[in-house]
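The values are calculated or read from the model by the stated rules, or taken from the named source; none is laboratory data. In this text, all values refer to a predicted model and were calculated from it rather than measured experimentally. Ideal geometry is used to build each Cβ from the backbone, glycine not excepted, and the neighbour counts take in all protein chains shown. Surface areas here come from the heavy atoms of the whole protein model, side chains and all, with no ligands, DNA or RNA. Shrake-Rupley method; radii C 1.70, N 1.55, O 1.52, S 1.80 Å.
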Amino acid sequence: MAGILFIISAPSGSGKSTLVSELRKQVGAVDFAISWTTRAPRGSEQNGREYNFTTRETFERMIADGIFLEHAEVFGRLYGTARHSLEDARAAGHDLILDIDVQGAEQVRVKMPEAVSVFVMPPNPRVLRTRLRNRFRAEGMDNEEELYRRLREASKEIEKYREYGYILVNDILDRAVAQLEAIVLAERFYRNGEAIAYRSRRVLEVAAACLQTNSQERLKPVLEAFGIVSASGQQELRFDELSDEDQNEESPGSNEEEPHDD
Ligand code: ADP
Ligand code: 5GP
């Protein structure tokens, strides 16, 4: 494709949708692939805006017809990316972002190894639980069972972080947005020779620091908090036993530490 394919994955509630929508306010010519799903719309979601909502029967027919670039079952529902999303972005000369789970990312990487993949981590399990709970509330979904189901899945998804080229820790929102922006601009620079404005050196440095291969020190406390690496090896994290000390996490805040290349 003319543009670059970006894959972005994260445990549910990490802030992936927020990051993508903020990125698209800052950087032009980035399309978002609207996925198909068999889950029901939540909160203010509209058919054709956040997702294309459909039945399992139709989705299975679409799989048989080869409509999907990738598809996967996530939390008991089917989700998939239609191939035409790539063609549409290509025709417009735009980059494309896929917000897909770790299974879908694996399928796309096999078909399109040139894709740039970004994994978004929450800073720690308590913050993840608070964010997910806030999102559920905002969407009118008061379902603790589903909440804990997603949280248990989070550690398994985070274990896959090594398969991604870049890692973001979404702690301070503005910083994470600036990092995602830097990744997009740096990839455009390296792949397409696209000029980046006067702060280009800083942008390239920010992106390089987010490379998975440069992230071990930064990730250590996050991985440990999720029970993924520890002196005694793997241990299952009990989300329901965590205290509520981060319950009052502030809403996405402002921070000017990182540059915006605008
Ligand atoms: P995802 O798409 O990964 O499931 P969302 O983007 O819906 O997650 O974010 C989940 C919740 O966390 C939302 O209420 C969002 O406003 C909030 N949020 C996202 N990023 C941050 C951040 N860096 N700091 C505080 N709250 C955040
Ligand atoms: P949610 O139901 O909370 O919007 O999304 C649940 C999960 O499904 C998230 O991890 C999201 O990235 C993933 N997802 C959304 N669209 C797709 C898709 O088209 N394909 C795959 N494989 N996963 C998707």
> Mind checking which residues of region 23-43 are touching a residue at least 24 places away in the same chain (Cβ under 8 Å) and either part of a loop (DSSP other than H, G, I, E, B) or in contact with a Pro (Cβ under 7 Å, 6 or more places away or on another chain) (or both)?
Replying inline: Val27, Ala29, Ala33, Ile34, Thr38, Arg39, Arg42, Gly43
> Of the residues that sit in region 1-56 and are over 22 Å from Arg131 (Cβ atoms) and hydroxyl-bearing (Ser, Thr, Tyr), which one is nearest to ligand 1 (Cβ to nearest atom)?
Replying inline: Thr38
>> Could you list, ordered by first residue, the pairs with Cβ atoms under 6 Å in which the first is in region 101-120 and over 21 Å from Ser12 (Cα atoms) and the second is more than 8 Å from ligand 2 (Cβ to nearest atom), at least 6 apart or interchain?
In response: Met112/Leu5; Ala115/Leu5; Ala115/Ile7; Ala115/Val108
>> Can you find a residue that is modelled with pLDDT of 95 or more and in contact with a Cys (Cβ under 7 Å, 6 or more places away or on another chain) anywhere in region 168-180?
In response: yes
>> in a helix (DSSP H, G or I) and open to solvent by 20 Å² or more (accessible area, probe 1.4 Å): is that true of Met141 in this structure?
In response: no
> So is Leu168 touching a residue at least 40 places away in the same chain (Cβ under 8 Å), over 20 Å from Arg191 (Cα atoms), in contact with a Phe, Trp or Tyr (Cβ under 9 Å, 6 or more places away or on another chain) and not in a helix (DSSP H, G or I) or not?
Replying inline: yes
> Mind checking which pairs have a first residue in region 209-231 that is among the charged types (D, E, K, R) and a second that is open to solvent by 10 Å² or more (accessible area, probe 1.4 Å), Cβ under 7 Å, 6 or more apart or different chains?
Replying inline: Arg218/Val169; Glu224/Ser230
